[in-house]
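Right, one structure below, let's go through it.
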Amino acid sequence: MSSPQNRPDPLAHIESSDRELRLRQHQALFRLLAIAAGLIFLQGYMIAPLIPRLAEIFNVPVQEIGFIVPIYMLAYALMALFYGILSDRFGRWSIIRISLIIFVVCTGLTVTAQTASQMAAWRLVTGIGASGVIPLTFALIGDLFPFDQRGGKLGLVFAAMEGGMAAGSAGGAILEPFVGWRMLFVGTAVMAALVLWRLNRYGAMFDTAKVEKLPTIRQVFRGYSEILRTFRGQRTYAYVLWNGIYHSGVYTWLGLYLSQRYEMNALNIGLTILGYGIPGLLFSALIGKAVDRWGRRWLVPAGLLMAALAGLAMILDIPPLGTTIAILVLSLGYDLTQPLFVGIVTDLGDDDNLGQTMGLKVFTLFTGFGIGSLIFGELLYLGFGWTLAIFGGIQLIAGLLAIPLFWQEVPWVRSEG
């Protein structure tokens, strides 16, 4: 496994004029991939604030329609494992293109749903299609850039993802009363189709296939065991899973929380949830650069603790403005953790199976997303206060434990296993 200091600059061998052109092409490529990631998160996050409204439209209980969130997340998680392995064999672009095509088609066809069951079915298929884009974008960053230059690139992608969260969270609730939920899906599908069209011209810039044939099932599981055999891998994936559980659980049910506590309508819910995603949109690139310079040992625990305190604060009898601030802090806590976990994951395993490594990361994260929304929903019979106390308490403990567990995560130290 090549060290970050010794891996050559991917553009070093190119003449100066060609190097500048190639650099601009790289920037355009990652901007388009970031937009694609943002659109995937937009359509994923615009669902949660619509849950109370969709329950009325389809005439089903809130808990029943809420199932469309975990079913999408779990389908996304499962397929990420396969897309990563396939990309190691057939190249990143081939799989990203197929994934985007499925995403465009299925997002557009979601408008045909007439019942909650049909809606859930389309969310399932969309999750299967969408899960090849983001993990392979992360893998491509690992392919093209050394470890100590990945933070800024990951920051760009996460900034777009956070922008998608913000636009989806607020836009879904704000626009639905005016255009209807179906037009939200049509608009997303059209925008994704335009990004796919623009990406075609950059297909040749993607890294080539890493392996000559698909691995056997035994080799696949051996690859996963190699990734998880070190303490660094076990610790990182465990935190990816729990952090996904926590954030998805709290976020998915924010619409219902705001509706019950403050009797907010869809417009006010959208405006309040808008805060989830704004910090990442503004600061993700800066966080990425800070990570490259100072490492992760300070930022990861801070992000975990901030998110815990934000969730616990919502137990209190605070005004709507206080909840808006708590949502902003919750989002910033996510920005200080998940992108940093991705950076660590790109440093695990071998360069030849980076797609598999990233597939496992996305599988773990979206499994957490799916489980979190399910568990939080099941615990709501205790009331929002107790549910937030349970989730926030565990997150607080995780944040305190992260101080010693991530202490070695500094820029110039790289574990070899």
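The values are calculated or read from the model by the stated rules, or taken from the named source; none is laboratory data. Here the structure is a predicted model, which is why all the values come from computation and not from measurement. So basically every Cβ, Gly included, is an ideal-geometry build from the backbone, and we count neighbours across all protein chains shown. Just the protein is used for accessible areas: all its heavy atoms, side chains included, with ligands, DNA and RNA removed. Shrake-Rupley method; radii C 1.70, N 1.55, O 1.52, S 1.80 Å.
Take the alpha-carbon centre of the stretch 363-416, take the same for the stretch 279-343, and report the distance between them in whole Å. With the stretch 363-416 and the stretch 279-343 each reduced to a Cα centre, they are spaced 13 Å.
Each Lys and Arg contributes +1 and each Asp and Glu -1, all at the Cβ; summed about the Cα centre of the chain, the dipole is approximately 480 debye. Each of VAL410, VAL195, TRP242 was placed along the dipole of the chain (beta-carbon charges, centred on the mean Cα), and the one lying farthest toward the positive end is VAL195.
Residue separation of GLN63 and LEU267 scaled by 0.36 nm, minus their Cα-Cα distance, works out to 71.3 nm of gained length.
Toward the positive end of the charge dipole of the chain, with +1 on the Cβ of Lys and Arg and -1 on the Cβ of Asp and Glu, the farthest Cα among ILE325, GLY270, LEU360 is that of LEU360. Once Kirkwood radius over Cα pairs in Å is worked out from the coordinates, which option in (i) 23.0; (ii) 22.4; (iii) 21.4 does it equal? So the structure-derived entry is (iii). A Förster radius of 56 Å, combined with the Cβ-Cβ distance separating SER117 from GLN25, puts the computed FRET efficiency at roughly 0.80. Per-residue accessible area (protein heavy atoms, 1.4 Å probe) orders LYS153, LYS361 as LYS153, LYS361, starting from the largest. Residue order by solvent-accessible surface for LEU42, LEU267, LEU136 is LEU267, LEU42, LEU136, largest first, with ligands and nucleic acids left out and a 1.4 Å probe. Between amide H atoms placed 1.01 Å from N, distances below 5 Å from MET46 occur with no residue 5 or more places distant or on a separate chain. Sorting THR188, THR115 by solvent-accessible area of protein heavy atoms yields THR115, THR188, largest first, with a 1.4 Å probe. Were the residues from GLN408 through VAL179 laid out at 0.36 nm apart, the gain over their Cα-Cα distance would be 77.4 nm.
Scanning the chain for DSSP H helices at least 20 Å long along the axis (C-alpha atoms) with a Kyte-Doolittle mean no lower than 0.0 picks out 16-45, 68-90, 92-109, 116-130, 150-179, 181-199, 278-294, 299-313, 320-335, 354-379, 384-405.
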